[in-house]
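**Student:** Below: one structure in structure tokens.
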Amino acid sequence: MAWLIFQYRPTALFSLKTSRATSTVGKTLLVPTPYAVKMAFLEVGMRTGRLPDPDEFVRLLAGTLVRIGVPDDACVTGTIQKIRQEPKKATAEQPYIANVALREIVHFRGVFALAFQEPEQPGILMDLAPAINYFGKRGSFMQYEGFEERAVLDAGFTKGLLEEGDQPSRCHLATLDDFGPEANFDALNSFSETPMKRNRHRGWLETVVPLGVHNLGPGFVHYRK
């Protein structure tokens, strides 16, 4: 087995801004990042009590390469919305201020495929995969549809910019985050005081995403594989 692949069908609109985006401005990604995928498996494992040692599971995931197989179509709709947000220096008289924010959502047609390269303990992933129901921002629901094994991946999967392999007919570049080589549970835990360090606990990779612009107009961009 070279690749263990889990398939999910989007059942709701998707949104996931890059980790470098601000709270008010940031274009959505068209795929969940390897970091988001691994965190989804970690979260469901802890929530269901199936991970006796989360730190060991993080170590296993940090050493596993993940690639994303894209759906056939992705249509991005963008809007500018009025919001209320906390100012830098809130007061009792003015706890919130008015502002505007860019919001983007994606409608997909097709199925996502999440490919794990030669995982050390595939049984754990196969046990957790059916319990996951969203990737990215909460509410980006997806339905598990099954798994398969492949020796090689085709051009419908993401790959690093400098990696060898077939080039997709349509594509764009995106910066996707992933677990770093020294990732551990304390560093990834939002409730821990352990600082997360760039390129050690979390890294970023310029990635070829096999979805390219097919059509566009006021307020939307249609991407196709």
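Derivation of every value follows stated rules applied to the coordinates shown; laboratory data play no part. Just so you know, these numbers come straight off a predicted model, no measurement behind them. All Cβ positions, glycine included, derive from the backbone under ideal geometry; neighbour counts span all protein chains shown.
**Student:** Where in the stretch 46-123 are there chymotrypsin sites (Phe, Trp or Tyr not before Pro) that are in a DSSP coil and have at most 15 other Cβ atoms within 10 angstrom of their Cβ?
**Tutor:** Tyr96
**Student:** Please state, as a whole number in µm²/s, the translational diffusion coefficient that the Stokes-Einstein equation yields for the stretch 3-215 at 10 °C and 1.306 mPa s, with Rh defined as the Kirkwood radius across alpha carbon pairs.
**Tutor:** The Stokes-Einstein estimate is 86 µm²/s.
**Student:** Once you've got the Cα coordinates, tell me which of Lys27/Lys82; Lys82/Lys225; Lys137/Lys197; Lys82/Lys159; Lys89/Lys137; Lys159/Lys225 are over 26 Å apart.
**Tutor:** In this structure, Lys82/Lys225; Lys82/Lys159; Lys89/Lys137 exceed 26 Å between Cα atoms.
**Student:** All other residues with a Cβ under 13 Å from the Cβ of Met39 taken together, and with Lys, Arg as +1 and Asp, Glu as -1, what is their net charge?
**Tutor:** Neighbour charge sum, excluding Met39 itself: +2.
**Student:** I would also like to ask the following. Give me the net charge for the shell around Asp72: Cβ to Cβ below 13 angstrom, other residues only, Lys and Arg +1, Asp and Glu -1.
**Tutor:** Every neighbour counted, the sum reads +4.
**Student:** Starting from the Cα of Glu43, step 7 Å toward the Cβ, then list every residue of the stretch 72-111 with an amide N under 14 Å from that point.
**Tutor:** none
**Student:** Taking each pair of different alpha-carbon atoms in the stretch 106-145 once, compute 1/r for the pair, average those values, and report the inverse of that mean as the Kirkwood hydrodynamic radius in Å to one decimal.
**Tutor:** 11.8
**Student:** Would you mind ranking Ser19, Ser190, Ser169, Ser140 so that the residue whose beta carbon has the fewest other beta carbons within 10 Å leads the list?
**Tutor:** Lowest count first: Ser190, Ser169, Ser19, Ser140.
**Student:** Would you mind ranking Lys38, Lys88, Lys159 by Cβ crowding within 10 Å, fewest neighbours first?
**Tutor:** With the sparsest Cβ surroundings first, the list reads Lys88, Lys159, Lys38.
**Student:** Okay, moving on. For a Förster distance of 22 Å, can you work out the FRET efficiency between the beta-carbons of Met126 and Arg200, rounded to the nearest 0.05?
**Tutor:** Here the calculated transfer efficiency is 0.15.
**Student:** Could you size up the charge dipole of the chain around its Cα centre, putting +1 on the beta carbon of Lys and Arg and -1 on that of Asp and Glu, and report it in debye to the nearest 20?
**Tutor:** Roughly 1100 debye for the chain.
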